[in-house]
Amino acid sequence: MVISKPLISVIMPAYNAEAYIKEAISSILNQTYPHFELLICDDGSTDNTIEVVQLFQDNRIKLFKNKKNKGNLKTTNFLFSKCKGDFITIQDADDYSVPHRFEMLLNAFDEDKDLGMVGSNYLAVSFDGKELFSGNLPESNKEITNIAQKEVVPMLYASVMVKKAIFDKTGFFPVFFNRKGYADFDWMARIQEKTIVKNIKDVLYV
């Protein structure tokens, strides 16, 4: 059970996500832990992504729009700059979270005050909803560190929640990675150098 009631900043970059973003947003609004802001930025979509977002009437949603496509890295950094919460987490526009995701991640922070970032296992599904495989990520800080040293990614970026105080020390995605990929892996690696991290064994992200 979550003891305190901190604010969570949830960031959602979105580009041509018309087919999936309704489910992604609904999965956040239906969380058992209600104290969050959902920051969505439409990255110059050419479909009806922004119109779908505008169907939701919830004052926790803050919608931004890029006039032209800037790419995921720059859009993510923009959303990072708007975060006001005590914690930051991610929700991809084409994925969804199980209802108790936030509650369980916050519980991990309550149980270990030294913890700076926590992720979870995940379920991969096909476009038609068929289950493909479930993640089996390492749980402890020691296991995560050992695996990272082997250049294997030990945490799922979209599943993690990080303390804002740790984020402020780590910073944004380096522009070097713009439209190249791997920015999220670099970001998590830099966080792992500064704090204790762990994964929850439960599947909280799909």
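The values are calculated or read from the model by the stated rules, or taken from the named source; none is laboratory data. Everything numeric here is computed off the predicted structure, so don't read it as measured data. Positions of Cβ are backbone-derived with ideal geometry, glycine not excepted, and every protein chain shown enters the neighbour counts. Please note that ligands, DNA and RNA were not included when accessible areas were found on the heavy atoms of the full protein model with its side chains. Shrake-Rupley method; radii C 1.70, N 1.55, O 1.52, S 1.80 Å.
Just a few scattered comments:
- Taking the chain and dividing mean pair separation by its residue count, relative contact order in percent (alpha carbons under 8 Å, at least six apart): 26
- The GNM of the chain, with springs linking C-alpha atoms under 10 angstrom apart, assigns the highest mean-square fluctuation among Asp94, Asp186, Asp168 to Asp168.
- Cα-centred dipole magnitude for the chain, charges only on beta-carbon of K, R (+1) and D, E (-1), debye, nearest 20: 780
- Choice from Glu193, Glu103, Glu139 with maximal GNM fluctuation in the chain (Cα, 10 Å cutoff): Glu193
- Translational D in µm²/s for segment 56-120 (Stokes-Einstein at 4 °C, 1.567 mPa s, Kirkwood Rh from C-alpha pairs): 90
- Looking at segment 124-198, the trypsin sites (Lys or Arg not before Pro) that sit in a DSSP loop and have at most 10 other Cβ atoms within 10 Å of their own Cβ are Lys130, Lys150, Arg179, Lys180.
- Helix 183-192 and the longest principal axis of the C-alpha atoms of the chain enclose an angle of approximately 30°.
- Computed lengthening from Asp112 to Thr145, 0.36 nm per intervening residue step minus Cα-Cα distance: 10.1 nm
- Straight-line reach from Lys82: taking Cα to Cα under 19 Å and skipping same-chain neighbours fewer than 8 places apart, the aspartates and glutamates in range are Glu37, Asp42, Asp43, Asp58, Asp92, Asp168, Asp184.
- Rounded to the nearest 20 debye, the dipole size of segment 75-133 about its Cα centre is 240 debye, using +1 on the Cβ of Lys and Arg and -1 on the Cβ of Asp and Glu.
- Length-normalised contact order for segment 1-74 - Cα pairs under 8 Å, 6+ apart - percent: 36
- Dipole of the chain, positive end: most advanced residue of Gln192, Ser140, Gly119 [Cβ charges, Cα centre]: Gln192
- What the chain shows is 51 Å² of accessible area per residue, with the surface traced by a 1.4 Å probe over protein heavy atoms.
- Building the convex hull from the alpha-carbon atoms of the chain and averaging its projection over directions returns 11.1 nm².
- For the Cα trace of segment 14-94, dividing Rg by the Kirkwood Rh returns an Rg/Rh value of 0.93.
- Extension gain (nm, one decimal) between Glu103 and Glu23, 0.36 nm per residue minus Cα-Cα: 26.9 nm
- Above-threshold pairs, the threshold being 31 Å between Cα atoms, out of Lys67/Lys130; Lys68/Lys164; Lys164/Lys201; Lys130/Lys163: Lys67/Lys130; Lys130/Lys163
- Degrees separating the helix 101-111 axis from the principal Cα axis of the chain, which is the longest one: 30
- Compared with the dominant Cα axis of the chain, that is its longest principal axis, helix 72-82 is turned about 80°.
- Taking the chain as a Gaussian network of alpha-carbon nodes connected by springs under 10 Å, the highest mean-square fluctuation of the residues Tyr20, Tyr182, Tyr157 belongs to Tyr182.
- Spin-label pair Glu131/Lys164, simplified geometry with 7 Å Cα→Cβ offset, distance in nm: 3.7
- Pairs of alpha carbons in segment 116-206 whose separation is greater than 18 Å (percent): 47
- Protein accessible area in the chain, 1.4 Å probe - carbon and sulfur %: 52
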